[in-house]
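Inspection log for the structure reproduced underneath, given as structure tokens.
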Amino acid sequence: MQAGTIVPAADSMIVVNSEQTEWSRGKTVSDVIKEKNYIFPLLIVRINGKLIPRDEYDSSVVPDEATVDIIHLMSGG
Amino acid sequence: MTEIEMITITIDGRSIPVKRDSTILEAALENNIFIPALCHSELVEPYAACRLCIVEVDDGRRAKLVTSCNYPVRKPVTVYTSSDKVLRNRTITLEMMLSRWPNVQIIKDLAKFVRIEKPRYKHPAVDLNPNACILCGLCMRICEQGIWENIINFTNRGAVRAVRMPYDSDQPHCIGCGACAEICPTGAITMVDDPNQPFDADMVRRAGMRITEEMIKFDEEQCDMRGVGTAHLVEIMDAYDLLPVMNYRYGKHADTPKISSDVLRTFFTKGKPDGCWLGCTMACAKAVEDFQLSTGPYKGEKVLVDGPEYETLGGSANMGIFDPRFVIEYNFYCDTYGLDTISFATGVSFVMECYEAGVLDKEKTGGLEIPFGARDAALELLHQIGRGEGFGLIAGKGIRYMKKYFVENFGADPDFVFDIGMEAKGMEYSEYVTKESLAQQGGYGIALKGAQHDEAWLIFMDMVNKQIPTFADKAEALHYFPMWRTWFGLCGLCKLPWNDVEPADNAETDEPAKVPGHVQGYCEFFEGVTGKPQTMDSLISMSEKVYNFQRVFNLKMGFGKREHDAIPYRSAGPVTVTEYESRQDRYDAQLSEEVGIDPSGMSSEEKVTAMRKYREAQYEQLLDAVYKRRGWTNDGVPTLDKLQELGIDFPDVIELVKKHGG
Ligand code: SF4
Ligand code: SF4
Ligand code: FES
């Protein structure tokens with residue numbers, strides 16, 4: 001897992017899967033997933049290393065300067 | 001994410017938010033409120049047979065007794081799980097049950113729970129069997145709804161009502177999955193026949209049943225394999241710029257929705273497995289029935305088509321054709337002629353690009369006008385291949401042959417056709433764009449059989465998750481996954497139940513990408529069949545022996561060295577200026593951030609060249625790392641030490657390997 005190796009470049013930035021991404025107050029995990037167009041269903045989300053259960057994506061607010069890992073598993077033949 | 005409507009209800013004085021349309025029983029169970037329930041299981045639809053789960057529901061206008069297992073929450077109601085009325089009713093029901101089945105443990109336990117010592121009645125049809133059938137109907141529901149088999153059902157009425165196979169026979173159609181026995185609360189069903197005589201049949205069945213349970217509970221929300229099979233990947237690959245479009249030039253297309261899984265769903269036969277593997281509840285092999293063909297020897301006839309799955313759909317995008325009826329038709333004729341849809345589609349994509357680039361023209365193709373998107377020409381070429389005629393005789397021999405043929409006979413520029421002809425070791429690429437995932441380029445290039453992703457599919461890990469940033473990380477992934485996936489081949493098992501459904505606790509494990517819960521299941525499966533206990537590592541070492549032996553075999557046949565792991569540049573980066581410019585922002589950023597070159601002021605041609613130099617060097621470094629991890633020489637040959645360690649250092653193997661510097 002990548003948590004911690006790449007740090008947010010500035011205030012109001014978060015790192016999502018090692019990419020600098022803009023942050024805004026109240027942004028939830030679901031918002032980030034939508035913004036990144038992560039439509040794959042088998043995701044595992046960690047904010048600063050802490051696992052976020054699937055049914056909390058809508059309510060989990062991402063703090064500023066967080067490191068968010070949205071791990072895609074694999075599927076298909 | 002879709003908004004879920006929550007409704008707050010009160011159960012025994014507790015306020016509980018509940019998802020609209022979930023049942024009162026589900027809400028109670030989720031909140032640790034016990035309601036006795038005999039015919040309920042989250043694996044099947046409610047049946048409301050036992051009536052033990054009754055509760056009193058007050059909607060503000062009146063209170064009534066309802067069975068909680070099938071009462072959907074649609075408005076805020078007040079629920080009493082043990083009001084006097086409920087208890088009285090439940091006690092009578094249980095007393096009746098106890099009088100009929102006095103020795104069935106689960107009935108005895110529940111009776112004790114409502115403080116019945118002895119029933120007051122004598123039942124006329126009393127059954128003293130401790131494993132008596134209590135007519136809950138769970139078995140027949142899981143057989144029909146979970147396994148999609150519909151073998152067992154109730155017969156007769158009243159006291160002689162019983163679960164039976166049709167005509168009281170030994171049903172040859174029962175697949176012996178054991179789901180009915182597993183779900184039966186009394187032990188009334190037991191499996192008696194194990195024709196293959198595994199070491200421990202129960203162990204095998206339990207491992208299988210866990211997958212079945214996950215499929216029933218999670219599949220619809222996860223990959224929907226039961227609904228549409230791997231076709232669900234079409235729109236996903238498009239969203240991640242990974243769907244091959246026009247011979248892997250691009251990764252998405254505006255017309256992808258026309259061949260998305262939603263469209264295919266309307267064609268697929270529903271609610272039935274296609275018989276790919278009896279009893280497999282993933283049931284991802286879909287079928288289209290009564291499909292009327294528009295071309296070829298069976299034109300006008302209605303046929304059954306086995307598929308299409310993702311690769312066949314992706315292959316169509318690769319040919320620039322976004323028409324579901326075309327996909328189904330080329331799927332059918334490939335199957336009929338004994339052709340692989342991947343090799344056909346990737347091969348025709350190459351033909352189309354050559355046609356557009358002027359390498360081919362109507363004269364050379366014997367009259368076929370075949371640019372990207374040429375649906376009718378693609379089908380005509382397919383029939384020519386099937387008949388062994390005309391241009392089909394050339395195209396049917398595959399990309400490796402065509403490249404040589406076009407250079408020798410049509411004066412094609414060898415660099416161009418070798419860059420865009422998507423094959424490795426003579427086998428056509430399957431349908432994923434690998435340009436942005438170095439690890440996946442290796443996954444295709446190093447694969448023993450040729451350019452197939454079935455040894456390792458690492459694109460998400462590498463490109464999206466950025467989980468394997470270093471060469472060593474990528475090499476580790478290109479060790480573990482090919483070995484693991486080889487294991488399925490060794491055992492004759494399908495790999496899809498491993499990671500196309502995810503256990504509920506997978507996210508909490510150390511290495512979710514490996515799906516440790518399922519690997520454990522395969523260990524149990526192996527032990528159940530052979531009696532030999534296994535671990536994750538022991539499975540991998542089985543494969544490592546075979547995998548290395550296969551590499552030696554490749555070597556013997558002239559395909560086992562570094563030069564054979566080379567890939568066409570199209571799979572590593574943009575070959576043409578148009579391709580570069582279509583993703584210019586991405587590539588420019590990479591040039592400055594990864595390569596360390598300032599792209600401003602450079603022409604697109606210069607950028608293509610600079611990018612190519614960098615990416616080709618990266619691929620070579622990847623090979624170095626993978627060979628090292630696998631215990632191979634820098635030329636990709638297994639070392640003597642490795643062969644010894646694996647116990648495959650047979651004299652002729654050593655002789656061969658030594659000759660190649662191993
Ligand atoms: S073993 Fe499987 S297929 Fe056979 S009756 Fe039971 S649930 Fe149905
Ligand atoms: S056999 Fe078992 S599962 Fe089937 S109806 Fe009887 S008790 Fe229920
Ligand atoms: S569990 Fe509701 S009627 Fe049996």
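The values are calculated or read from the model by the stated rules, or taken from the named source; none is laboratory data. What you are looking at is a predicted structure, and each value in this text was computed from that prediction instead of being measured. A quick note on method: Cβ atoms are made from the backbone with ideal geometry, for glycine too, and the neighbour counts reach across all protein chains shown. Remember, those area values only see protein heavy atoms, side chains included, never the ligands or the DNA or RNA. Shrake-Rupley method; radii C 1.70, N 1.55, O 1.52, S 1.80 Å.
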* To do: Quickly estimate the mean residue ellipticity at 222 nm for chain B, helices only: each DSSP H run with n ≥ 4 gives -39500 (n - 2.57), and the total goes over all residues, rounded to 500.
  => -12500 deg cm²/dmol
* To do: For the B and A pair, go ahead and give the buried accessible area with a 1.4 Å probe, both sides summed, in Å² to 100.
  => 2700 Å²
* Taking 0.36 nm per intervening residue step and subtracting the Cα-Cα distance, what contour gain separates B:Tyr405 from B:Asp510 on full extension? -> 32.7 nm
* Structure fact -> Charge tally for neighbours of B:Asp238 with beta carbon under 14 Å away, counting Lys, Arg as +1 and Asp, Glu as -1, is -3
* Going by accessible area, probe 1.4 Å, with all protein chains left in place, what is the ranking of B:His232, B:His40, largest first? -> B:His40, B:His232
* Asked: To two decimal places, what compactness ratio does the protein assembly as shown give when its Cα radius of gyration is scaled by 2.2 N^0.38 Å?
  -> 1.11
* **region B:191-264, accessible area per residue, ligands and nucleic acids excluded (1.4 Å, Å²)** => 43 Å²
* Of the beta bridges DSSP finds with both residues in region B:6-82, what % are antiparallel, to the nearest 5? -> 90 percent
* Asked: Where in region B:1-45 does the label zone of B:Asp58 land, with the point 7 angstrom along Cα→C-beta and an amide N cut-off under 18 Å?
  -> B:8-16
* Antiparallel bridge percentage (DSSP; both residues within chain B; nearest 5) -> 95 percent
* Taking Cα centroids, how far is region B:468-482 from region B:11-36 in Å? -> 47 Å
* Förster-model FRET efficiency, 60 Å R0, B:Phe553 and B:Asp12, C-beta, rounded to 0.05 -> 0.30
* Gain upon complete extension [B:Leu128, B:Asp635; 0.36 nm per residue less C-alpha separation] -> 175.1 nm
* Cα centroid of region B:320-398 to Cα centroid of region B:485-513, whole Å -> 36 Å
* To do: Kindly report the accessible area of chain A per residue (heavy atoms of protein chains, probe 1.4 Å, no ligands, DNA or RNA), in Å².
  => 46 Å²
* Asked: In region B:438-659, what percent of the accessible surface is made up of carbon and sulfur (1.4 Å probe, ligands and nucleic acids excluded)?
  -> 54 percent
* Asked: Counting only protein heavy atoms and using a 1.4 Å probe, what share of the accessible area of region B:6-82 belongs to carbon plus sulfur, as a whole percent?
  -> 43 percent
* Using a Förster distance of 45 Å, how high is the FRET efficiency between B:Asp84 and B:Glu221, based on the Cβ-Cβ distance and rounded to 0.05? -> 0.65
* Asked: At a probe radius of 1.4 Å, what is the per-residue accessible area of B:Tyr355, in Å² to the nearest 10?
  -> 40 Å²
* To do: Select from chain B the helices, each a whole stretch of DSSP H, whose alpha-carbon atoms run 27 Å or more along the helix axis and whose Kyte-Doolittle mean is at least 0.0; answer none if there are none.
  => B:471-491
* To do: Note down the relative contact order for chain B as a percent, whole number, built from C-alpha pairs under 8 angstrom at least six residues apart.
  => 9 percent
* **Listed peptides B:602-611, B:413-422 by packing density, highest first (mean Cβ within 10 Å)** => B:413-422, B:602-611
* Taking all protein chains together and a probe of 1.4 Å, list B:Glu655, B:Glu423, B:Glu26 from the most accessible to the least accessible. => B:Glu655, B:Glu26, B:Glu423
* Asked: Taking the Cα centre of each part, how many Å lie between region B:223-289 and region B:131-171?
  -> 34 Å
* For the residue pair B:Asp652 and B:Glu606, what label-to-label distance in nm results when each label sits 7 Å from Cα along the Cα-to-beta-carbon direction? -> 5.8 nm
* Give me Rg over Rh for chain B, both radii from the alpha carbons and Rh done the Kirkwood way, two decimal places. => 1.05
* **Over 24 Å between alpha carbons, listed pairs B:Lys449/B:Lys545; B:Lys75/B:Lys272; B:Lys286/B:Lys425; B:Lys397/B:Lys545** => B:Lys75/B:Lys272; B:Lys286/B:Lys425; B:Lys397/B:Lys545
* Across B:Lys217/B:Lys466; B:Lys64/B:Lys118; B:Lys258/B:Lys466; B:Lys474/B:Lys514; B:Lys628/B:Lys659; B:Lys252/B:Lys628, pairs whose alpha-carbon gap is larger than 26 Å -> B:Lys217/B:Lys466; B:Lys64/B:Lys118; B:Lys258/B:Lys466; B:Lys252/B:Lys628
